[in-house]
Amino acid sequence: QLQLVESGGGLVQPGGSLRLSCAASGTIFRINTMGWYRQAPGNERELVAVIYSSGSTNYADSVKGRFTISRDIAKNTASLQMNILKPEDTAVYYCKIIARARYYSGMNAYWGQGTQVTVSS
């Protein structure tokens, strides 16, 4: 079974940095896209950043220039480097991948359990 484990969340002061990591394990044939989403209390879950198998990326306007997504295809991991953090970045951050577990499987979406990021002085 394919599983995602996130790490790297925590409490940081405004202007600080954090690095989130997402590791996929289990039965994996191919990962297509890897991305990060976030959900703040009372808000809907929103896309933060995504990286495609081609290496191209897409970011929410609110994080452009501050966040950088990367992936290690060989290790089935993705990271989100977050710089110049703001209080409005406070949320639970979720890793999501689109992957094929077996060669005969269709592409499915898999979510991590989430990691809390709190930006506060």
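Using the Cβ-Cβ distance between residue 88 and residue 1 with R0 set to 41 Å, the FRET efficiency works out to roughly 0.70.
Tell me the net charge near residue 78. Cut-off is 9 Å between Cβ atoms, residue 78 excluded, with +1 for each Lys or Arg and -1 for each Asp or Glu. That works out to 0. Our coupling estimate for the stretch 32-41, obtained by passing each phi through the Karplus curve with A = 6.51, B = -1.76, C = 1.60 and θ = phi - 60°, is 8, 10, 10, x, 10, 10, 9, 9, 8, x Hz, Gly and Pro reported as x.
Ignoring aspartates and glutamates fewer than eight residues from residue 96 along the same chain, the ones with Cα atoms less than 18 angstrom from its Cα are 6, 44, 46, 72. Ligands, DNA and RNA left out, the accessible area of the stretch 17-102 computed with a 1.4 Å probe is 47% carbon and sulfur. The charge dipole of the chain, taken about the Cα centre with unit charges on the Cβ atoms of Lys, Arg (+1) and Asp, Glu (-1), comes to about 360 debye, rounded to the nearest 20.
Based on protein heavy atoms only, the chain ends up with 53 Å² per residue of surface accessible to a 1.4 Å probe. Taking only the Cα atoms of the chain, the radius of gyration and Dmax are 14.2, 50 Å.
The values are calculated or read from the model by the stated rules, or taken from the named source; none is laboratory data. Just so it is clear, the model here is predicted, and its values are computed rather than measured. No Cβ is skipped: glycine too gets one built from the backbone with ideal geometry, and neighbour counts run over all protein chains shown. These accessible areas exclude ligands, DNA and RNA; they are computed on the full protein's heavy atoms, side chains included. Shrake-Rupley method; radii C 1.70, N 1.55, O 1.52, S 1.80 Å.
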